[in-house]
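Asker: Here's a structure for you.
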Amino acid sequence: MRHFSRILFVCSVLVALSSCTSTKELTISTIEPSPVDFSNQIRKIGIVNSSKSSFVKSYSTRLEQLIVMEERWLAEKGTEAALTGLFDELAQDQRFDTVRILDNLDEEMTDFGTRPSKETWNKIAEICEENGVDAIFSLASHDTETQFSLKKTKIDQLDMMRDRTKVSAQEITLETLIENGWRVYDPKQRILVDEFTSNDQITASAKGVSPVDALQAIDKRRETLLEQSKNSGSSYAQRMQPKKLDVQRAYYVLGTRNFELADDKIQEGAYHEAIKLWEEEIANPKARISGRACYNLAVLSEFNGNLNAAMNWATKSYDLHKEDATLDYITTLERRQAQSDVLKIQLANTTFED
């Protein structure tokens with residue numbers, strides 16, 4: 001019995017230790033630069049529709065015919081919605097003095113491709129000059145694809161006596177994929193500034209006595225599809241802006257009493273007091289402890305927006321105690337430092353709400 005109690009005690013201790021983690025996470029608010037780096041000479045934007053309007057699909061049943069008709073409608077209206085979403089968002093961007101949809105151009109004139117030739121760049125420059133813009137945003141492609149499935153079900157229906165009764169029915173599910181391809185052309189530098197493809201999927205279902213009845217019972221599908229297309233254009237314009245992100249950084253909470261006390265201060269928001277407690281451990285004779293103290297100071301430096309100090313502390317931490325987590329963190333800080341110059345330029349040219 002005594003032997004069993006000892007085993008039980010050891011197991012409970014192991015469970016307690018395993019439930020304790022040596023780190024916790026601190027949320028740090030960062031601003032990531034836009035992946036699209038504009039020339040500050042681009043002040044006037046022209047938007048063109050380069051997507052092909054031809055739409056040919058076969059069908060063999062009345063249900064398939066109705067679905068194809070819906071896709072044909074979406075091919076036209078969805079394109080307009082995507083362009084509108086892009087226009088509305090860019091029009092609010094303070095970097096641009098003018099944003100125009102150039103709807104006076106035919107498809108052949110705007111088929112620029114991904115590697116424009118010298119003649120094509122000349123054509124882009126000519127379009128920009130004639131329309132008083134500096135760069136072209138192109139909806140290069142707009143594709144929709146709808147798959148449907150049917151399954152048997154039951155629905156309530158009034159009979160001749162006005163009583164509700166269950167009858168055999170069909171449930172239809174439509175899955176529509178909307179793909180928009182975007183490109184940005186800078187004719188002065190003759191570069192394709194950006195190329196991006198977005199994919200969105202909309203699912204809708206309804207029930208009816210027949211498959212056609214079920215299809216017609218789907219509520220507000222057109223409105224949903226158009227809203228999604230518009231959001232696609234809006235989201236692409238937002239890609240041009242720096243982006244606020246909350247990231248999680250681990251910090252050490254175990255090792256000495258000071259680490260535990262510092263964690264309490266972090267939870268209270270008393271960051272300066274936590275720093276003092278970690279600074280007391282920098283000279284700890286155990287490299288693991290002093291290294292982790294430096295690591296925590298690096299995290300707090302990044303939290304306070306001082307990337308250079310964060311890098312210095314992280315490097316010192318790795319010199320003291322070579323942990324893989326520290327090396328990964330140094331790589332992250334190096335990436336942020338490399339982006340900082342680009343971010344400063346973007347923020348200087350952007351009305352960005354912090």
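The values are calculated or read from the model by the stated rules, or taken from the named source; none is laboratory data. Fair warning: this is a prediction, and the values are worked out from it, not measured in the lab. No Cβ is skipped: glycine too gets one built from the backbone with ideal geometry, and neighbour counts run over all protein chains shown. Protein only, heavy atoms only, side chains kept; ligands, DNA and RNA dropped before computing areas. Shrake-Rupley method; radii C 1.70, N 1.55, O 1.52, S 1.80 Å.
Asker: Is it true that some residue in segment 29-44 is closer than 30 Å to residue 257 by Cα, at pLDDT 90 or above and not in a helix (DSSP H, G or I)?
Answerer: Of segment 29-44, the ones closer than 30 Å to residue 257 by Cα are 29.
From the residues that got through so far, the ones that are at pLDDT 90 or above too are 29.
If we keep only those that are not in a helix (DSSP H, G or I) too, we end up with 29.
Yes.
Asker: Hey, another quick one. Assigned to a helix (DSSP H, G or I), open to solvent by less than 40 Å² (accessible area, probe 1.4 Å), in contact (Cβ under 8 Å) with a residue 40 or more places away in the chain and closer than 30 Å to residue 36 by Cβ, is that true of residue 333?
Answerer: no
Asker: Spot the failing condition for residue 218; the list is (1) assigned to a strand (DSSP E or B); (2) open to solvent by less than 50 Å² (accessible area, probe 1.4 Å), and only one is missed.
Answerer: Looking at each condition in turn, residue 218 falls short on (1).
Asker: Determine if segment 176-185 includes at least one residue that is assigned to a strand (DSSP E or B), among the acidic types (Asp, Glu), within 21 Å of residue 196 (Cβ to Cβ) and under 26 Å from the mean Cα position of the chain (by Cα).
Answerer: Checking segment 176-185: at least one residue is assigned to a strand (DSSP E or B), among the acidic types (Asp, Glu), within 21 Å of residue 196 (Cβ to Cβ) and under 26 Å from the mean Cα position of the chain (by Cα).
Asker: Which residues, taken from segment 41-82, are loosely packed, with under 14 Cβ neighbours inside 10 Å and touching a Cys at 6+ places or on another chain (Cβ under 7 Å)?
Answerer: Within segment 41-82, no residue meets the criteria.
Asker: Is there a residue in segment 125-136 that is part of a strand (DSSP E or B), touching a residue at least 12 places away in the same chain (Cβ under 8 Å) and touching a strand residue (DSSP E or B) at 6+ places or on another chain (Cβ under 6 Å)?
Answerer: Within segment 125-136, one or more residues are part of a strand (DSSP E or B), touching a residue at least 12 places away in the same chain (Cβ under 8 Å) and touching a strand residue (DSSP E or B) at 6+ places or on another chain (Cβ under 6 Å).
Asker: Which of the residues that make up segment 123-146 are surrounded by 12 or more Cβ atoms within 10 Å (Cβ to Cβ), over 12 Å from residue 185 (Cβ atoms) and not charged (D, E, K, R)?
Answerer: Start the filter on segment 123-146 by keeping residues that are surrounded by 12 or more Cβ atoms within 10 Å (Cβ to Cβ), which leaves 123-128, 130-131, 133-146.
Next, from what is left, pick out any that are over 12 Å from residue 185 (Cβ atoms): 126, 130-131, 139, 141-146.
Matches in segment 123-146: 131, 139, 141, 142, 144, 146.
Asker: For residues that are of a type outside the set (Phe, Trp, Tyr), under 13 Å from residue 249 (Cβ atoms) and not in a loop (DSSP other than H, G, I, E, B), tally how many sit in segment 275-311.
Answerer: 9
Asker: If I ask for residues that are free of Cβ contacts under 8 Å to residues at least 24 places away in the same chain, closer than 30 Å to residue 339 by Cβ and surrounded by 14 or more Cβ atoms within 10 Å (Cβ to Cβ), which ones from segment 237-292 would you list?
Answerer: 278, 279, 282
Asker: So residue 107 ticks every box in (1) out of contact with any Phe, Trp or Tyr (no Cβ under 8 Å at 6 or more places or on another chain); (2) surrounded by 15 or more Cβ atoms within 10 Å (Cβ to Cβ) but one. Which box is left unticked?
Answerer: Failing condition for residue 107: (2).
Asker: If you take the residues in segment 171-215 that are of a type in the set (Ser, Thr, Tyr) and in contact with a Ser or Thr (Cβ under 9 Å, 6 or more places away or on another chain), which one is surrounded by the fewest Cβ atoms within 10 Å (Cβ to Cβ)? Quick ask: steps written out before the conclusion?
Answerer: Step one: list which residues in segment 171-215 are of a type in the set (Ser, Thr, Tyr), which gives 173, 176, 185, 197-198, 203, 205, 210.
If we keep only those that are in contact with a Ser or Thr (Cβ under 9 Å, 6 or more places away or on another chain) too, we end up with 173, 176, 185, 197-198, 203, 205.
Numbers: 173: 15, 176: 23, 185: 25, 197: 13, 198: 16, 203: 10, 205: 16.
Restricting to residues being of a type in the set (Ser, Thr, Tyr) and in contact with a Ser or Thr (Cβ under 9 Å, 6 or more places away or on another chain), the top hit is 203.
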